[in-house]
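Here's the structure we're looking at; comments come further down.
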Amino acid sequence: MKRVFIISLFALTLLAGRMTTACTETIDLRNDGMEPMLVINCILTDTIMERNRQFVDENRVIILKTARYFNDEFPQRVNGAKVWLNSELLRMVAPGTYAPEDGFSAIPGETYTLEVHYDADGDGIDEIYTATTTVPPKYRLDSTTIVPLPITREFSALLTLNFMDSLKYKYFAVKVDNENEVDFYSSRILRYGLFSFDSPSDNEDYRRMPILDPVFVIRHEMAYDKGDTYYIYAGDTLSVQLDVLSPEYYQFLEMAKMVLSHNNPLFSGPRSNIPANITGGALGVFGSYTFSRALVQIPIDTPGMPKRQ
């Protein structure tokens, strides 16, 4: 991708020269895309989440091959790899998907090593890809409160997270689900809030932190990406999840959100692959997180918030 960007700038310079000197040379640029690369993704957590709510396929190793950027192909699932997690050989449970024994749960504070052997270039010799992650500590989300914003005509409110921060960890994330709306979820990456703490709490070890990201401002109509609109009603119950992220997972998500939200194609190249912590020349990330949830109900008599019929 770097080479393509440099060529594009060079072409732009030449085109600018044509405007000022009236040159008539034809510029023929060609780009067949990058060779397919291996992508290895694995996110460990201490509890397996419900399948219809998860952000990633937790405690699974997903191995793919990228498609060329300018082709219409989809990434291919990679079968036949040998995959170890802390020296335990994983089994393939679906195309391109490898898993430990049923009931696996990552232990907070423990370091895990992922090792993958696969002949990605077809020369008959397996390449070796490795990565490590240390599972973050377990936090407990005590409660979530709703703080109405009086400056708007229609009802809107901030969610505030209340939890003990005596461990002084740095990397966190949050997402919100509506227990009364099956299609409502904030697991997609652009609706997944990231935040980090560089300073201690004003209240020593306890934090009462409002979620200031506009995505999480509670309204009746919740506008999401791709033109979708989801609704919250008075009396609905929201499930708020506090995630504690390993550093490499936090950095990967931060970069992914930046790439996906980029909306100025005139001054940028195509979306690029995101570097992470897999050694051996593969893309992807091996990370971990722990999480805790708390429920909060929109009061049934909330002014400006309609009730479900």
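Since every read-out is calculated from the coordinates, none of them should be taken as a lab result. Because the structure is predicted, anything quoted here is derived from the model rather than measured. Cβ atoms come from the backbone with ideal geometry, glycine included; neighbour counts cover every protein chain shown.
Does region 88-104 hold any residues that are surrounded by 14 or more Cβ atoms within 10 Å (Cβ to Cβ) and in a loop (DSSP other than H, G, I, E, B), and which are they?
The first filter runs over region 88-104 and keeps only residues surrounded by 14 or more Cβ atoms within 10 Å (Cβ to Cβ), leaving 90, 92, 96-100, 104.
Passing the criteria: Leu90, Gly96, Pro100, Phe104.
Here region 160-182 is the region considered, the condition is being closer than 20 Å to His220 by Cβ and surrounded by fewer than 20 Cβ atoms within 10 Å (Cβ to Cβ), and the residue that is farthest from the chain's Cα centre (by Cα) is Asn180. For region 123-149, how many residues are surrounded by fewer than 16 Cβ atoms within 10 Å (Cβ to Cβ) and touching an Asp or Glu at 6+ places or on another chain (Cβ under 6 Å)? Qualifying residue count for the region: 1.
Against the condition crowded, with 16+ Cβ neighbours inside 10 Å and closer than 30 Å to Ile298 by Cα, how does Tyr112 come out, does it pass? The answer is no for Tyr112.
Suppose we filter region 132-165 for residues that are more than 22 Å from Thr45 (Cβ to Cβ), part of a loop (DSSP other than H, G, I, E, B) and out of contact with any Gly (no Cβ under 6 Å at 6 or more places or on another chain); how many remain? Total satisfying the criteria: 6.
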